[in-house]
Amino acid sequence: MKTPIIHTAATLAVFLSLFVVFGGTQAAAHPAGACQPVFKAPNEGQAVTPEFDIKVFGNLVPDNCQIDRMTLHVFDKDRGTNVFSRDIDCCDVITNYKPLIDMTVPAGELQPDTNYQVVVRFYDKHVGFSPGSDPAIVKVKTTVPQYRTKRQAQQFDPMVFALNKNGRFGHGRGKTEKKARDVALGFCDAPGCTIVSEPVRARCHALAQRTQGGFWWGVGAADTQAKAQQRAERFCEQDQSGQCRIDYTYCQ
């Protein structure tokens, strides 16, 4: 006589355990819709400076969401080129309270008055870039950072050079343009000294001169010492390259 088969709760539990071990529920561990990137900054269509912040959280529903890597790309929509990228390892701890990406686009990467598209994707090593890891995309447009231009105009005093044709010079800085001119003429303090350019409100000011075989001069202004000196030399050497030297540089 055959022994009847009895399906007990214990045998059913063993069967389900084997089903999980051999992959019967593997797909359910990474369901579609998990680990979706969510932008908190910038906002869609926002006007931003060329050094704007990017802050991205994860949509962590359901709880078994897994993120192994994140990619960030910024595309120049006007030219159709990728201009900035980051590949970021992730994540020992994932919460709804701490951003997974929290950074500022470095200075010099983006240009003003340009349309950009920011794209973030989460990568799960089990499923790759899947429908459950669709990219999050926002579009922004950079603007000229007016607040910086205004701040610099308030911060930097006017500066000017006075020269005579014998290589004597004076540099002036003051709270007003008149004060800057007076200081420059006072330091030059020689016959023939005159103001040679309009006062500038830049961070750095440089003078290049050549007094052999005649007299040549060039004044340069820029946000760095190196740029100011390069411009001064370039203006001085319009007629004959390599003959001028930097005599003076001042940065506020």
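Throughout, read-outs are computed from the coordinates displayed, never taken from laboratory work. This structure is a prediction, so every number in the text was calculated from the model and none was measured. Methodologically, a virtual Cβ is constructed for each residue, glycine included, from the backbone with ideal geometry; neighbour enumeration extends over all protein chains shown.
Sort His126, His73, His205, His171 so that the residue with the fewest other Cβ atoms within 10 Å of its own Cβ comes first and the one with the most comes last. Show your work: numbers first, answer last.
On the way: His126 11, His73 17, His205 28, His171 21.
Ascending number of Cβ neighbours within 10 Å: His126, His73, His171, His205.
Amide H of Phe52 versus every other amide H placed in the peptide plane: which residues, excluding those fewer than 5 positions away on the same chain, fall under 5 Å?
Answer set, sorted by chain and number: Val105.
Compute the Cα gyration tensor for region 156-251, then decide on rounded, prolate or oblate, letting a ≥ b ≥ c be the square roots of its eigenvalues: rounded whenever a/c is under 1.5, prolate when a/b is larger than b/c in the other cases, and oblate in all that remain.
Working: a/c = 2.52, a/b = 1.22, b/c = 2.07.
It is oblate, given that a/c is not under 1.5 and a/b is not larger than b/c.
Apply the Karplus parameterisation 6.51 cos²θ - 1.76 cosθ + 1.60, with θ equal to phi minus 60°, to every residue of region 109-125 and state each ³J(HN,Hα) to the nearest whole Hz, in sequence, with x for glycine and proline.
So the Karplus estimates, Gly and Pro as x, are 7, 10, 10, x, 6, 9, 8, 10, 10, 9, 10, 10, 10, 9, 10, 10, 5 Hz.
Whole-Hz ³J(HN,Hα) for each residue in region 168-178, computed from phi via Karplus 6.51 cos²θ - 1.76 cosθ + 1.60 with θ = phi - 60°, x for glycine and proline: what do you get?
For region 168-178, the Karplus curve yields 6, 9, x, 10, x, 9, x, 5, 10, 5, 4 Hz.
With θ taken as phi - 60° and the coefficients 6.51, -1.76 and 1.60, list the Karplus ³J(HN,Hα) couplings across region 41-56 in order, rounded to whole Hz; mark glycine and proline as x.
Coupling constants for region 41-56: 7, x, 7, 4, x, 6, 8, 10, 7, x, 10, 7, 7, 10, 9, 10 Hz.
In which sequence would Cys251, Cys91, Cys35 go, from the one with the fewest C-beta neighbours within 10 Å to the one with the most?
With the fewest neighbours first, Cys251, Cys91, Cys35 line up as Cys251, Cys91, Cys35.
Please list, by residue number, every one of the chymotrypsin sites (Phe, Trp or Tyr not before Pro) in region 40-104 that is coil in DSSP and has at most 14 other beta-carbon atoms within 10 Å. Intermediate results must be reported in sequence, preceding the final value.
Numbers: sites: Phe52, Phe57, Phe75, Phe84, Tyr97; in loops: Phe52, Tyr97.
In loop regions of region 40-104 (DSSP not H, G, I, E or B), the sparsely surrounded chymotrypsin sites (Phe, Trp or Tyr not before Pro) are Tyr97.
Using a 10 Å cut-off around each Cβ, can you sort Asp68, Asp189 from fewest to most neighbouring Cβ atoms?
On the way: Asp68 14, Asp189 11.
In order of increasing Cβ crowding within 10 Å: Asp189, Asp68.
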